[in-house]
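Shown next, in structure tokens, is the structure this report addresses.
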Amino acid sequence: MKKRLAITLTMVLVLALALIANGFAARNLKEIIIGMAQEPDTLNNMLSDMSATSQAVGGLTDDLLERDANWKLFPQMATKIPTIENGLWKVLPGEKMQVTWQLKKGLRWRDGKEITAEDFKFTWEVIMNDDLGVPSREVSELIEKFEIKDKYTFVLHFKQLYHLANLGLDYNPIPKHIFEPIVKSGAKAFAEADFTKVAFENGPYMVKEWVRGSHLVTVANPKYAGSEKAKVPTVIFRFISNTNTLMANLLAGAVDMLNPVGLTLDQGLALDKMIRDQKRATDYTVQFTTALTWEHIDFNLDNPWLKDKRVRQALVYGIDRQAMVDALFEGKQFVSHSYLPPKHYGYNPNVKQYEYNPTKAVELLAAAGWKKGSDGIMENAKGEKMILTIHTTAGNAVREKVEMIIKDQWKKIGVELKIENVPSTVLFGDISPMRNFEHMTMYAWTSPPTTNPYGLWDSSQIPTAENSYAGQNRPGWRNAKSDELCRAILKELDEKKRIALFHEHQVLWAEELPAIPLYFRVDVSATHKSLKNVMPTGNTTPITWNVQNWSWAN
Amino acid sequence: MQRYLIRRILQMIPLLFFLSILIFLIMFLMPGDPIDMMVMGNPNLKAEDIARLKKVWGFDDPFPLRYYKWLRQAVLHGDLGFSYHWKVPVIQIVGERLPNTLVLMTASLLLSLLIAVPLGIFSARRQYSFADYLLTVFAFIGQAMPTFWFGLMMILVFSIFLKNSSGGPLLPPGGMMDIGSTASIFSWGRLKYLIMPAFVLGLHNITSWMRFIRSTMLEVINQDYIRTARAKGLKERVVIYKHAFRNAMIPMITLLAMSIPSLVGGATLTETVFAWNGIGRMTYDSVMNKDYSVAMASLMFSAIMVVVGNLLADIMYAVVDPRVRYD
């Protein structure tokens, strides 16, 4: 028995020693390890709607133009941005336009072949090919002719006025000599194309290896002919879907940065506090960047109670949104007063703001014919009690907290709130897009920096059974002035005039309140203090937009 | 026995067929499809675009047609289909992940047996001793412990608090291998990633098997033939392992066979916490994303595992215990 004990103890000791001796290598300055909570489904940007994909592909592809962290456009593959001033963007009689693009000479694909106008024409054809299932065609479908002037110049002929005609095509270009045979074989071949073998890259980095479920290794592209070559030779993406484990990896020093597809706001706040209190991870810093994700509550404007503007305004006066964001987000996510964030070029800070005012709320409700009944709940002339229902994504802790806060605050103005949450597939598959909600739904829209009000607020975009539920005007807002402004914005090519239209629309919107603006979400990213030049953008442009400029200090 | 086997296998076929219809139907009834989710990130998608996308990917077909297409492809052509979410053939995504889950399951089973069996026997031999009570308490704690939380606690202790000689984490906080590693699964470089997930996955098995072996051993040890064996003068070790243990393991075989399908399912949480790329997480992701092809493949796989596991348990029982006979 003693012998057995001795043997067991020795084995345990040996095992422990082995564990302790075998360690991890020290930080490798020739690589950057980025941790992500989601893995791209494919590296084919044209078929993926995941932000994880654009994050991974950010350093692998270049486009005609690119946006920096302040949302400003700059030319990347083009020699300059076509504008009306420099004559590259012409407006012709009959509401037609021509936009001329000039490519920089000597740009190359990963296999060394030169990038020419033919590649862009091919890319346009792929986008417009009905069989291939490429989702977005906003720009491409307005092009009635793609004219190639010479190897490096092409002219897009637009069939109508459109204010976003000088941003390029809907997607970055793909090489014709590689994809033409693939596309000829059909949609399945295009979707199945193995992007770890196909030379699709024209950016500063290229794919070396993708072990699905584990990591993606990218290395500097030796054939890259752009002006900014990669500083760090290897960039690795590690996929860890559980955000707690992701955080653990950061605390253990196993990753160098976490990109915005990673930590939740709560985790970001906790990490930030840990760092400020000097407890752990003091080598890292957390960045909170206001994003274009707009949390809001849609009203159902066909509901007889909510049709009345005074009721809607009263309900917003009855929520203390400032206290809410202070309590829930430590002030990192701030109250929104309309549907655009400050960084958007059309943002108007001077709209009606609804500061918390329960007295005013009750006054407005009274003007609309609602009086507090004996049980404290508002009643109208017909004897109906104001009991409103709200839906949001079940399991989303933040949204559920927001609902509880609103329920509590509305009790004071005599409004009862019933909370009926459902899984996101139900909310976004059925309830919201088909307007199957009685009073309200809470969720977020993610928009690109070029967003304009037409898609969300024009009356032609109300989903109905007749139009097969097309359109995203889910509140069902019908307002002649709003329609006029939305449609004018689409056609207004002069940016100053367009900004004025944006401003006017937001003032109207804040007065009519088809939805309750809550707050704008922040992107949370964390970086090692020695990793320089990481610039989160706060919109759909990935944080890797300038990955070639990231470098290790010392 | 042969006739019994053939009969059981024949019974499996209509059962699995019925299960496949049920699984497909339930997924079909879930509202929303990937295109609807796509709209949330892209409010400018027009109705024509949405209709076009649904047509390309086959999301607008009615239920019987979709099921028939899937069945014909799977059974006649042996083609499990194409994953909408991962944009690769189903067989490729399953082929990447299934070996990982099998490795994790095997490691977990072995580890659980290695720990539970000696502890169970020890507990039985020293019934009512202090050590026995201690082990019982730990067993109850372990059974009540949520896998998810336990996994995170392990990472906290072994990856964040404890460090190795070069300042890095003692055990890796999740993942399956060092980046760029081509080492074999039996090398320490790969095994160190396996230790924590295998243990966490096996925790419930360790605790329940330990208790179970303890009780079956107790039952057997008090039998007359054990007393006879001791009276014959056999060494205690021979009495325990050759006679008592082998009889006590008979019901254990059933438990083992039944635990195989549950390991496949239970691995989902462990795989998520430890970023272990297995089919548990794949099943969850594919169902949530309504990726029919992959979901059907993995759910049917689970169903087959359960049915086969049952059959295996029954057969093993007959093999191990000569008193049991089927016909």
Next item on the list: Check every one of the strands (runs of 3 or more DSSP E) wholly within the range A:133-216 and list those with 2 or more residues that are without any contact (Cβ under 8 Å) to a residue 40 or more places away in the chain and not β-branched (Val, Ile, Thr).
Entry: A:143-150, A:205-211
Checklist line | Answer from A:Lys307, A:Lys372 - the residue that is in contact with a Leu (Cβ under 7 Å, 6 or more places away or on another chain), surrounded by fewer than 20 Cβ atoms within 10 Å (Cβ to Cβ) and within 24 Å of A:Ile387 (Cα to Cα) | finding: A:Lys307
Check: Consider A:Phe120 against the criteria (1) assigned to a loop (DSSP other than H, G, I, E, B); (2) within 27 Å of B:Leu45 (Cα to Cα); (3) away from every other protein chain (no Cβ under 14 Å): it satisfies all of them except one. Which criterion is unmet?
Finding: (1)
Notebook entry, point to check: In the range A:205-226, which residues are under 14 Å from A:Ile34 (Cβ atoms) and at the interface with chain B (Cβ under 8 Å from one of its Cβ atoms)?
Noted result: A:Ser214, A:His215, A:Val217
Next item on the list: For residues that are in contact with a Ser or Thr (Cβ under 6 Å, 6 or more places away or on another chain) and either under 25 Å from A:Leu485 (Cα atoms) or at the interface with chain B (Cβ under 9 Å from one of its Cβ atoms) (or both), scanning just the range A:438-448, find the one that is modelled with the highest pLDDT.
Entry: A:Ala444
Item checked: In the range A:393-437, residue farthest from the other protein chains (Cβ to nearest Cβ) [restricted to those that are touching a Ser or Thr at 6+ places or on another chain (Cβ under 7 Å) and buried (at least 16 other Cβ atoms within 10 Å of the Cβ)] -> A:Glu403
Notebook entry, point to check: From the list B:Ser166, B:Ser83, B:Ser159, which one is at pLDDT below 90, among the small types (Gly, Ala, Ser) and in contact with an Asp or Glu (Cβ under 7 Å, 6 or more places away or on another chain)?
Noted result: B:Ser83
Item checked: Criterion (without any contact (Cβ under 8 Å) to a residue 24 or more places away in the chain, in contact with a strand residue (DSSP E or B) (Cβ under 9 Å, 6 or more places away or on another chain) and either within 18 Å of A:Ala117 (Cα to Cα) or surrounded by 14 or more Cβ atoms within 10 Å (Cβ to Cβ) (or both)) met by exactly one of A:Lys80, A:Lys96 -> A:Lys80
Next item on the list: With a cut-off of at least 1 residues that are modelled with pLDDT under 90 and β-branched (Val, Ile, Thr), name the helices (runs of 4 or more DSSP H) lying wholly within the range A:309-414.
Entry: A:397-412
Note to self: From the list A:Phe239, A:Phe299, A:Phe334, exactly one residue is aromatic (Phe, Trp, Tyr) and either without any contact (Cβ under 8 Å) to a residue 24 or more places away in the chain or surrounded by fewer than 21 Cβ atoms within 10 Å (Cβ to Cβ) (or both). Which is it?
What the structure shows: A:Phe334
Note to self: Tell me the residue from B:Pro169, B:Pro173, B:Pro261 that is under 28 Å from B:Phe140 (Cα atoms) and within 14 Å of chain A (Cβ to nearest Cβ), please.
What the structure shows: B:Pro173
Checklist line | Positions within the range A:145-163 being surrounded by 14 or more Cβ atoms within 10 Å (Cβ to Cβ) and either modelled with pLDDT under 90 or in contact with a Gly (Cβ under 6 Å, 6 or more places away or on another chain) (or both), in sequence order | finding: A:Leu161, A:Tyr162, A:His163
Check: Which condition does A:Thr451 not pass, out of (1) part of a loop (DSSP other than H, G, I, E, B); (2) within 28 Å of A:Glu484 (Cβ to Cβ); (3) over 21 Å from the mean Cα position of the chain (by Cα); (4) touching a residue at least 12 places away in the same chain (Cβ under 8 Å), if it passes all the others?
Finding: (3)
Checklist line | Residue list for the range A:178-195, restricted to those being of a type in the set (A, V, I, L, M) and more than 14 Å from chain B (Cβ to nearest Cβ) | finding: A:Ile178
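The values are calculated or read from the model by the stated rules, or taken from the named source; none is laboratory data. Please read these numbers as outputs of a predicted model, since none were measured by experiment. Neighbour counts are summed over all protein chains in view; Cβ atoms, including those assigned to glycine, are modelled from backbone coordinates with ideal geometry.
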